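A short write-up of the structure that comes next.
The values are calculated or read from the model by the stated rules, or taken from the named source; none is laboratory data. Since this is a predicted model, take the numbers as computed values, not measurements. Virtual Cβ from ideal backbone geometry, glycine too; neighbours counted across all protein chains shown.
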Amino acid sequence: MQNLVWGILLLPLAGFLINSLGQRLRPRLVQWIGPASVFLAFLCAVADFAWLQGQTSVARHADVIGWRWALAGTFHLDFGLLLDPLSSTMTLIITGVGFLILVYSVGYMHGEPGFRRFFAEMDLFIFTMLLLVLADNYLWLLVGWAGVGLTSYLLIGYYFERPSAVAAARKAFVMNVIGDWGIMIALFMMFILFHTVSYSTVFSSVHTMPYAGVTVTVMALMLLVGAVAKSAQLPLFTWLPDAMEGPTPVSALIHAATMVTAGVYLIARSYPIYQQAPGALHTVAFIGAIGATLAATMGLANNDIKRVLAFSTMSQIAYMFVGVGVAVYSAGMFHLLEHAFFKALLFMGAGAVMHALSDELNIQKMGGLRRKLTFTYWTFLAGVLAIIGTPGFSGFFSKEDVIGAAYARAVQGDSWMWVVWALVVITAGLTALYMFRLFFLVFHGEPRDQALYDHAHDPGTAMKVPMAVLAVLSVIGGWIAIPGTYNLMEQWLSPVFHRYPVNGPRVDAVTAQTFSVVSLGATLLATLIGFLIAWQIYYRRSPAPERMGAMAPALYRLFLNRYYADEIYDTLLVRPIKFFGNLVNRFVEQDTIDGTVDAVGFITRWLSGRVRGVQTGYVRNYALSILFGAVVVVGFYIVGGR
Amino acid sequence: MTVGPQHFLIVSAILFALGTIGVLIRRDPLIIFMSIELMLNSVNLTFVTFSRYLGSADGQIFVFIIMTVAAAEVVVGLALIVSIFQSRQQIDVDELDEMRG
């Protein structure tokens with residue numbers, strides 16, 4: 001039964017191969033193969049989930065080895081898949097939400113050029129993402145990691161005739177490679193220290209290293225570099241808003257529900273390493289807390305519907321980082337699950353709005369769509385209520401899990417966590433503010449562009465059904481855990497996080513049972529305030545952004561320009577690197593290397609020119625040289641040589 | 001003085017040298033061929049001398065072979081010359097320099 005895990009992995013690969021190699025396939029076939037392969041993978045994921053449920057709690061760990069992949073002296077590495085609650089959860093999300101998004105894409109991408117390429121690349125993405133989460137060692141995780149980076153590049157640059165899309169794809173890929181570097185360094189360290197990179201050995205051995213020592217902290221921080229790059233956290237976040245150049249289903253799947261959550265998965269999976277390096281854990285929590293707040297402020301000033309959602313993604317993933325950063329890994333994963341539901345839904349809603357308004361992105365040109373796009377309105381509302389943490393909706397439970405965890409750690413004595421807690425509470429308020437700003441500007445008020453408004457209509461069935469499913473999940477998906485009573489998510493994941501002996505903050509010292517009225521109250525209060533501010537400003541009227549910005553011009557500019565991060569990177573990094581590259585190009589590449597190669601050619605030609613002079617073409621010269629040769633040979637024998 | 005083998009060998013060497021110089025210096029292909037024949041015949045003389053001197057018939061047999069080869073070579077060579085220089089009035093071997101590098 002656990003061998004079905006191969007089915008999970010390989011079915012999307014089959015879908016990719018069929019779609020990419022089948023040049024003559026008609027769109028109607030393509031649009032079946034793509035989603036179908038993922039749906040079958042989803043069925044396998046469900047079957048494996050059920051199988052895991054059938055095992056006893058501690059036995060929920062199946063390392064399915066494929067074959068011995070590398071053998072070098074004492075080092076060996078297998079290609080194997082690990083089936084445990086953590087990877088099972090991820091596979092369910094990837095294949096389930098992936099399937100829904102693919103169905104949505106059938107409607108959204110209808111008639112687009114490169115239809116087949118889209119589905120092929122999406123299948124490839126799902127395959128590499130599954131490889132990432134199912135691998136049982138860091139090397140194959142890295143392979144999947146790089147693979148999702150590649151498909152992200154391909155899909156962001158899907159509209160490759162648009163220079164902005166190409167630039168965005170390149171930017172995403174370059175920043176991703178920085179993350180790859182971090183993971184590789186960590187891998188090298190593991191290899192040197194443990195002579196292996198497979199999870200079981202590394203995790204069993206890491207607790208013997210010096211606690212909070214430099215080595216283990218560096219290892220954890222290097223993994224963090226990878227996680228930060230992939231999950232678009234501080235400071236490597238600038239690629240995510242630009243990545244919205246890709247088609248909306250791509251934004252929904254890759255840059256909301258799955259790929260960007262890979263960083264969270266990595267940290268959760270590597271928890272023994274992080275447990276051994278509390279400094280790194282604190283770094284994770286702070287990157288999360290600060291990033292959440294910064295991202296929320298950036299979303300507040302932006303006028304592009306997809307980019308606001310992109311900043312919201314960055315902010316919510318920062319919440320997940322906080323969750324794992326306070327060593328309550330199940331909280332981070334819980335939010336990952338819920339976020340996948342409502343974020344995919346929100347992006348689908350944005351796509352529906354865009355489709356209705358001929359791909360218009362500027363929310364300042366929208367308004368009043370409530371009357372025209374009723375279905376989209378209600379599903380989008382469900383997503384918004386979920387993301388801000390309205391009590392009863394899915395986001396509420398998972399956010400409370402994270403915020404409550406930070407609070408509990410702070411109360412337990414880790415004073416730094418007060419800062420973290422304060423920031424996430426403030427962010428909750430900001431989230432309500434910018435999400436409802438978005439919602440009101442798009443759906444309420446008066447239409448600000450009549451021509452666009454007149455043509456608006458609700459999307460077709462292919463798009464509606466997944467949105468409906470996700471809307472339902474966004475509402476009820478959180479009831480698997482209620483703060484203060486039970487937490488099924490934590491129970492489900494606990495065998496994973498208790499498998500290896502660890503030091504550091506006790507993983508189960510903070511459970512869902514630790515419930516704080518103070519924290520809950522503070523969060524709800526912040527959320528309410530955010531909502532009321534948005535209501536007051538944006539519900540009826542739609543003030544011009546300039547007027548809003550004039551209230552705090554410096555802040556507004558800061559938010560709108562994303563804290564000038566792009567400009568800073570450009571000056572600090574991009575330009576020096578380009579300058580250095582040009583230098584190397586001129587002196588090393590052109591002068592030295594090309595010079596050497598050219599010189600070889602030049603010398604050869606010169607030499608041959610000289611030698612050519614021997615061939616005069618005169619018969620008599622040749623006769624003379626024959627004579628000389630004969631004289632030499634005869635003389636040799638006369639003189640007495642043998 | 002008695003004429004011994006050394007005299008014949010000296011004559012043969014002189015003839016060979018004259019033939020070589022003729023090949024190198026003359027520009028008329030027919031003269032060059034004549035010089036080549038001269039070289040071959042000087043070698044014939046050497047062979048016969050040694051044959052008489054050593055009392056063995058081997059040298060004389062080899063002379064036959066050389067003569068045969070010389071005859072065949074002349075046939076081929078003259079045919080070549082005729083075809084190369086068919087259209088010219090004055091024939092000069094220095095004019096064939098198209099194969100220069």
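Of all the numbered requirements in (1) touching a Leu at 6+ places or on another chain (Cβ under 9 Å); (2) surrounded by fewer than 16 Cβ atoms within 10 Å (Cβ to Cβ); (3) within 25 Å of A:Thr461 (Cα to Cα), A:Trp32 misses one, and that requirement is (1).
Check region B:66-81 and report whether any residue there is over 10 Å from the mean Cα position of the chain (by Cα), under 22 Å from B:Ile10 (Cβ atoms) and at pLDDT 95 or above. Within region B:66-81 (the criterion being over 10 Å from the mean Cα position of the chain (by Cα), under 22 Å from B:Ile10 (Cβ atoms) and at pLDDT 95 or above), the answer is yes, since at least one residue qualifies. Residues that are in a helix (DSSP H, G or I) and either facing chain B (nearest Cβ under 7 Å) or not β-branched (Val, Ile, Thr) (or both) within region A:608-627 comprise A:Ser608, A:Gly609, A:Arg610, A:Arg612, A:Val619, A:Arg620, A:Asn621, A:Tyr622, A:Ala623, A:Leu624, A:Ser625, A:Leu627, listed in sequence order.
Please determine whether any residue of region B:19-37 is charged (D, E, K, R), within 14 Å of A:Val619 (Cα to Cα) and more than 11 Å from chain A (Cβ to nearest Cβ). Checked against the condition, which is being charged (D, E, K, R), within 14 Å of A:Val619 (Cα to Cα) and more than 11 Å from chain A (Cβ to nearest Cβ), region B:19-37 yields at least one hit. In summary, A:Met90 fulfils each of the numbered conditions (1) among the aliphatic types (A, V, I, L, M); (2) within 18 Å of the chain's Cα centre (by Cα); (3) surrounded by fewer than 24 Cβ atoms within 10 Å (Cβ to Cβ) with the single exception of condition (3). Check region B:84-95 and report whether any residue there is more than 21 Å from A:Leu627 (Cα to Cα), basic (Lys, Arg) and not in a loop (DSSP other than H, G, I, E, B). No, region B:84-95 contains no residue that is more than 21 Å from A:Leu627 (Cα to Cα), basic (Lys, Arg) and not in a loop (DSSP other than H, G, I, E, B).
For residues that are assigned to a loop (DSSP other than H, G, I, E, B), closer than 20 Å to A:Leu154 by Cα and not small (Gly, Ala, Ser), tally how many sit in region A:1-58.
Step one: of region A:1-58, the residues assigned to a loop (DSSP other than H, G, I, E, B) are A:1-3, A:22-26, A:55-56.
Filter once more, so that each one left must be closer than 20 Å to A:Leu154 by Cα: A:22-23.
From the residues that got through so far, the ones that are not small (Gly, Ala, Ser) too are A:23.
The number of residues fulfilling the criteria is 1.
Exactly one residue out of A:Gly609, A:Gly641, A:Gly595, A:Gly635 is loosely packed, with under 10 Cβ neighbours inside 10 Å and either under 30 Å from B:Glu95 (Cα atoms) or out of contact with any helix residue (DSSP H, G or I) (no Cβ under 8 Å at 6 or more places or on another chain) (or both): that is A:Gly641.
Residues that are loosely packed, with under 15 Cβ neighbours inside 10 Å and either within 14 Å of another protein chain (Cβ to nearest Cβ) or charged (D, E, K, R) (or both) within region B:74-90 comprise B:Leu80, B:Ile84, B:Arg88, listed in sequence order. The single condition from (1) over 23 Å from A:Phe380 (Cα atoms); (2) in contact (Cβ under 8 Å) with a residue 24 or more places away in the chain; (3) part of a helix (DSSP H, G or I) that A:Thr201 fails is (2).
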